[in-house]
């Protein structure tokens, strides 16, 4: 995501104390980015929010881009872990439960998600987002569907994943609209549509 990888790479701490300090710096960065926006946030403000010397911040994150990229990467990592866990259990789950778990993924880890998504918007152009994050999630959804129905073809799973992800994103967007009348009903209807869609297309596919 950074245009200068040699200067924008975060340093990974090896000791427990360093790991704790990095966690505190990332938490502070997430708060400052949320309040000020990526462009307006400064390293000085972030260090002050963490109660850390500015030198300590630069020790682990030489530039602001490294902080932002680390927050995005952390969210992607936890999301991938959730997707992989669901894939491992997909064959044992009833389809309604599987759909419910799928639709919960994009709303899980709300703090990491709230920090990462605006930064991804600020740091990546539309093409990059489409070919990285969205592609990654679709690929994992297809793998989950094939784990549930092993005889489903790769192309078939890919096509189903495209539709399911769009419904998941719609539900995720609705979940962010606090106070919207009918929001909960709309989310339930979209999830039910996804269930019926998968029932129709997976019906008769051997497990």
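Numbers for the structure displayed
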read-out: Residue match in segment 28-36 (condition: more than 30 Å from residue 165 (Cα to Cα) and either surrounded by 15 or more Cβ atoms within 10 Å (Cβ to Cβ) or assigned by TED's automatic domain parsing to the domain that holds residue 134 (or both)); value: yes
read-out: Complete set of residues in segment 167-188 that are surrounded by 14 or more Cβ atoms within 10 Å (Cβ to Cβ) and over 22 Å from residue 109 (Cβ atoms); value: 186
read-out: Residue 90 vs. criteria assigned to a loop (DSSP other than H, G, I, E, B) and surrounded by 15 or more Cβ atoms within 10 Å (Cβ to Cβ); value: no
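Yes or no, residue by residue, for (1) at pLDDT below 95; (2) farther than 20 Å from residue 117 by Cα:
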residue: 140; (1), (2): no, no
residue: 143; (1), (2): no, yes
residue: 146; (1), (2): no, yes
residue: 159; (1), (2): no, yes
residue: 171; (1), (2): yes, no
residue: 179; (1), (2): yes, yes
residue: 189; (1), (2): no, yes
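The values are calculated or read from the model by the stated rules, or taken from the named source; none is laboratory data. This is a predicted model, so every value here is computed, not measured. Positions of Cβ are backbone-derived with ideal geometry, glycine not excepted, and every protein chain shown enters the neighbour counts.
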